[in-house]
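J.: Take a look at this one; I'll ask things after.
The values are calculated or read from the model by the stated rules, or taken from the named source; none is laboratory data. On a predicted model such as this, the values are computed, not experimentally measured, just so you know. Neighbour counts run over all protein chains shown; Cβ positions are idealised from the backbone, glycine included.
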Amino acid sequence: MPQDPVLAALVGGDWRSGEALAAVLGVTRAAIWKSIERLRREGYEIEAEAGRGYRLLRAPDLLLPAEIARHFRPERFVGKIVHLDEVDSTNRLGIDLAREGAPEGTAVVAERQTSGRGRLGRTWESPARVNLYLSVVLRPALSPVEVPRLTLAAAVAVADAIGATTGLRPGIKWPNDVLLGGRKACGILTELEAEAERVRFVVVGIGVNLNAREEDFPPELRAKATSLAIELGRPVDRPAFAGALLGALERVYGEMLRGGFPGVRARYESWHVLPGRLVTVDGVPPVEGLVRGIDDEGALIVEAADGTRRVLSGEVTLRGVYPTD
Ligand code: BT5
């Protein structure tokens, strides 16, 4: 997404005269004034003074594309970011955009979701203006059965972004949970449209609890959900995190297209908390045993009483102590 040129010129907080801005950007002073008005409507605080020009005082705490773009230089992705104050589900909108032909890397972010989707019809709690709800359109040359590996790759991107921006040490719980202090900080929902053996598109939906406080979660979630801010004891810069995550996703996705899942497996394993734990994986019948790890196709390897089992999907419950790291 090309950054707003007026905003780009004001970032840094120095005075810029309308005349100089107009000359550098090759537009009229009236056009500069219009841009300033639009930025103000978006919540930027911009001081104007006769003889000095304009000065940026404060950027809003919103996931505005221009703010995210300051932290993300796309290479493979198209870089287009659609921002909404409210939407039913960023995945629903991402799927609609993909059907209309949105190119790879088109991203949807929202401040709030009214029907945030989890897996299997579950809901994703999406309080306003505190977290990140992001969906990205991908068009990988994969067969439908390989798509769940993208969810694992996205979990790696989230863990990488959390590690890089905060220094916290997240854990991944196979397949799609990213945990902090043993509690869920992120969920990933990958949806796809395919014809026969060919994927038409994939929408990777990522919800990350960034600045939610405990009271932002419904009571029944408080013991099992957390946010980066709760863990850090201070709020995080949401657009900076969104930019870091898009960068990490683009990188991990590129690695996966080049080397397949084996290309990201080691990174997944470096964050994975299940190896060595006793688990139950739901299913008919459920699988119980000791987790060995994952394989080159992203399946969970469980040592059960009746032999080694490869689990391709399912809900994992830990038996005994919940991991705290
Ligand atoms: C997930 O489902 O973890 C996938 C969540 C994906 C959400 C993103 S947000 C952007 C995009 N647009 C969407 O509409 N969805 C995606 P699952 O593994 O089924 O986990 C859902 C369960 O997690 C719920 O039943 C709750 O127990 C718990 N949960 C719900 N909201 C949560 C939250 N904000 N933080 C932590 N846990 C939550």
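J.: Is there any pair linking a residue in the stretch 242-262 that is buried (at least 21 other Cβ atoms within 10 Å of the Cβ) to one that is part of a helix (DSSP H, G or I) and among the acidic types (Asp, Glu), with Cβ under 7 Å and at least six apart or on different chains, and which?
T.: That search, which allows pairs on different chains as well, returns 248/160.
J.: Sort through 284, 279 and tell me the only one that's over 30 Å from residue 106 (Cβ atoms) and either part of a helix (DSSP H, G or I) or at pLDDT 95 or above (or both).
T.: Numbers: 284 fails: either part of a helix (DSSP H, G or I) or at pLDDT 95 or above (or both).
The unique qualifying residue is 279.
J.: So which residues in the stretch 119-135 are at pLDDT 95 or above, out of contact with any strand residue (DSSP E or B) (no Cβ under 6 Å at 6 or more places or on another chain) and either of a type in the set (A, V, I, L, M) or under 15 Å from residue 108 (Cα atoms) (or both), if there are any at all?
T.: Selection gives 130, 131.
J.: So, in the stretch 201-233, exactly how many residues are touching a residue at least 12 places away in the same chain (Cβ under 8 Å), more than 9 Å from the ligand (Cβ to nearest atom) and not small (Gly, Ala, Ser)? Write out each step before concluding.
T.: Quick first cut of the stretch 201-233, residues touching a residue at least 12 places away in the same chain (Cβ under 8 Å) only: 201-214, 216-218, 221, 223-232.
Now restrict to residues that are more than 9 Å from the ligand (Cβ to nearest atom): 201-202, 210-211, 213-214, 223, 228-232.
After this cut, where a residue has to be not small (Gly, Ala, Ser) as well, the list is 201-202, 210-211, 213-214, 228, 230-232.
Total satisfying the criteria: 10.
J.: Sort out which residues of the stretch 92-114 are of a type in the set (Ser, Thr, Tyr) and more than 15 Å from residue 253 (Cβ to Cβ), and write them in order of number. Talk me through it step by step, then tell me what you get.
T.: Let us first name the residues in the stretch 92-114 that are of a type in the set (Ser, Thr, Tyr), namely 106, 114.
Hit for the stretch 92-114 is 114, nothing else.
J.: Report, by residue number, each residue of the stretch 83-105 that is free of Cβ contacts under 8 Å to residues at least 60 places away in the same chain and within 23 Å of residue 165 (Cα to Cα).
T.: Listed by number, the list holds a single entry, 83.
J.: Residue 98: away from the ligand (no atom under 16 Å from the Cβ) and either of a type outside the set (Asp, Glu) or in a helix (DSSP H, G or I) (or both), yes or no?
T.: Working: away from the ligand (no atom under 16 Å from the Cβ): no; either of a type outside the set (Asp, Glu) or in a helix (DSSP H, G or I) (or both): yes.
The answer is no for residue 98.
J.: Let me ask you something else. Looking at the structure I just gave you, is residue 158 in the same structural domain as residue 120 (by TED's automatic domain parsing), surrounded by 23 or more Cβ atoms within 10 Å (Cβ to Cβ) and either aromatic (Phe, Trp, Tyr) or in contact (Cβ under 8 Å) with a residue 40 or more places away in the chain (or both)? Spell out the reasoning first.
T.: Values: in the same structural domain as residue 120 (by TED's automatic domain parsing): yes; surrounded by 23 or more Cβ atoms within 10 Å (Cβ to Cβ): yes; either aromatic (Phe, Trp, Tyr) or in contact (Cβ under 8 Å) with a residue 40 or more places away in the chain (or both): yes.
Taking the combined requirement at face value, the residue satisfies it.
J.: Additional query: Residue check, residue 266 against (1) in contact with an Asp or Glu (Cβ under 6 Å, 6 or more places away or on another chain); (2) at pLDDT 95 or above; (3) not in a strand (DSSP E or B), all met but one. Which one?
T.: Among (1) in contact with an Asp or Glu (Cβ under 6 Å, 6 or more places away or on another chain); (2) at pLDDT 95 or above; (3) not in a strand (DSSP E or B), the lone unmet condition for residue 266 is (1).
J.: Can you work out which of the residues in the stretch 101-110 that are of a type in the set (Gly, Ala, Ser) and assigned to a loop (DSSP other than H, G, I, E, B) is farthest from residue 200 (Cα to Cα)?
T.: Narrowing the stretch 101-110 to residues of a type in the set (Gly, Ala, Ser): 101-102, 105, 107, 110.
So of that shortlist, the ones also assigned to a loop (DSSP other than H, G, I, E, B) come out as 101-102, 105.
Details: 101: 10, 102: 12, 105: 14 Å.
Ranking the qualifying residues of the stretch 101-110, first place goes to 105.
J.: Would you list the strands (runs of 3 or more DSSP E) that sit entirely within the stretch 1-89 and hold 1 or more residues that are on the phi > 0 side of the Ramachandran plot? Step through it out loud before you land on a result.
T.: Numbers: elements: 45-49, 53-58, 81-84.
Of the strands (runs of 3 or more DSSP E) lying wholly inside the stretch 1-89, those with at least 1 residues that are on the phi > 0 side of the Ramachandran plot span 53-58.
J.: I'd like the residue in the stretch 54-95 that is hydrophobic (A, V, I, L, M, F, W, C) and surrounded by fewer than 20 Cβ atoms within 10 Å (Cβ to Cβ) and, out of all such residues, is farthest from the ligand (Cβ to nearest atom).
T.: Of the stretch 54-95, the ones hydrophobic (A, V, I, L, M, F, W, C) are 56-57, 59, 62-64, 66, 68-69, 72, 77-78, 81-82, 84, 87, 93, 95.
Checking which are surrounded by fewer than 20 Cβ atoms within 10 Å (Cβ to Cβ) leaves us with 57, 62, 78, 82, 84, 93.
Numbers: 57: 32, 62: 17, 78: 19, 82: 13, 84: 12, 93: 9 Å.
Filtering the stretch 54-95 for residues that are hydrophobic (A, V, I, L, M, F, W, C) and surrounded by fewer than 20 Cβ atoms within 10 Å (Cβ to Cβ), the one farthest from the ligand (Cβ to nearest atom) comes out as 57.
J.: Then there's this: Does residue 261 fit the bill of being within 20 Å of the chain's Cα centre (by Cα) and either away from the ligand (no atom under 16 Å from the Cβ) or among the charged types (D, E, K, R) (or both)?
T.: In short, yes.
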